[in-house]
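The values are calculated or read from the model by the stated rules, or taken from the named source; none is laboratory data. Note that this is a predicted model, so its numbers are computed, not measured. Backbone-built Cβ (ideal geometry, glycine too); neighbour counts: all protein chains shown. Only protein heavy atoms, including side chains, enter the accessible area calculation; ligands, DNA and RNA are left aside. Shrake-Rupley method; radii C 1.70, N 1.55, O 1.52, S 1.80 Å.
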Amino acid sequence: MDLDDVLTGNPVLPVATLPDVESALPMADALLAGGVSIVEISVQTTAGLTAIRRLSRDRPRLVVGAGALRSPDAVEAAVSAGARFLSAPGLTPRMADALASTPVPTLPGVGTAGEAMNAAELGFRAMKLFPAVAAGGLEFLRAVAGQLPELRFCPTGGINPGNVRDFLKLPNVPCVSGSWVTSDAAIRSRNWSEIERLAKEAAALR
Ligand code: 3PG
């Protein structure tokens, strides 16, 4: 699994914040049934790391990454749990060191052109734009494509079925990320058929 596989394997990279580890397998099966083969599990809940470990063991067909990483310790724990890619909401010097030294692909978060340039100087060629819509969304990405054409962004934060197609049309956006496919509401109500339906829609976007 390299960075290109993460960026181009699926047009939508669902982000899931799991309230309990029991949700992990049925959610994964709904995604796979809908044709989505990747998920980012947030480590913001205590179930997150355990879910990454369980999915890595029991659903190897699903590429499972870890998101919302904020410290080098969290990076190490995610990789030990089996995460196959990592993402962070932003990039600090400590996080840059930690992410640069992991064996798995990483998507650090940036919110401005300066942060994107800094990430590029540190060797990151793809990054999350977070929070995407609040940070300028489509207009930001169009403007940056002109001056920093070599950079690729996975916008996250505020992407939804209504605007996702516009983001995916941009030349510097190989994929988008967001929580609408694996929403808190669907997971908490164990509405796996809704997740499968939304996964099918997402998988058909490109
Ligand atoms: C994330 O955790 O990556 C984002 O908060 C997802 O943003 P969204 O809920 O607006 O899709």
Only one of these is away from the ligand (no atom under 12 Å from the Cβ) and surrounded by 15 or more Cβ atoms within 10 Å (Cβ to Cβ): Arg165, Arg197. Name it. Arg197
Filtered residues of the stretch 121-155 (kept if in a helix (DSSP H, G or I), away from the ligand (no atom under 16 Å from the Cβ), open to solvent by 20 Å² or more (accessible area, probe 1.4 Å) and modelled with pLDDT of 95 or more): Glu121, Glu139, Arg142, Ala143, Ala145
Looking only at the stretch 4-36, and only at residues there that are exposed (fewer than 15 other Cβ atoms within 10 Å of the Cβ) and in a loop (DSSP other than H, G, I, E, B), the one that is farthest from the ligand (Cβ to nearest atom): Gly35
Report yes if some residue within the stretch 89-97 is within 23 Å of Asp184 (Cα to Cα) and in contact (Cβ under 8 Å) with a residue 12 or more places away in the chain; otherwise report no. yes
Looking for whichever is within 16 Å of the ligand (Cβ to nearest atom) and of a type in the set (Ser, Thr, Tyr) here; the options are Ser189, Ser179. Which one fits? Ser179
Can you find a residue in the stretch 76-93 that is part of a helix (DSSP H, G or I), under 29 Å from Ala143 (Cα atoms) and away from the ligand (no atom under 16 Å from the Cβ)? yes
Test set (1) closer than 20 Å to Ala202 by Cα; (2) open to solvent by 40 Å² or more (accessible area, probe 1.4 Å); (3) of a type in the set (S, T, N, Q) - Ser42 fails condition number: (2)
Does Ala47 satisfy being small (Gly, Ala, Ser), over 22 Å from Asp4 (Cβ atoms), within 16 Å of the ligand (Cβ to nearest atom) and crowded, with 20+ Cβ neighbours inside 10 Å? yes
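Residues are listed down the side, and each one gets a yes or a no for (1) assigned to a strand (DSSP E or B); (2) within 16 Å of the ligand (Cβ to nearest atom); (3) not polar (S, T, N, Q):
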residue	(1), (2), (3)
Leu55	no, no, yes
Val64	yes, yes, yes
Leu69	no, yes, yes
Asn118	no, no, no
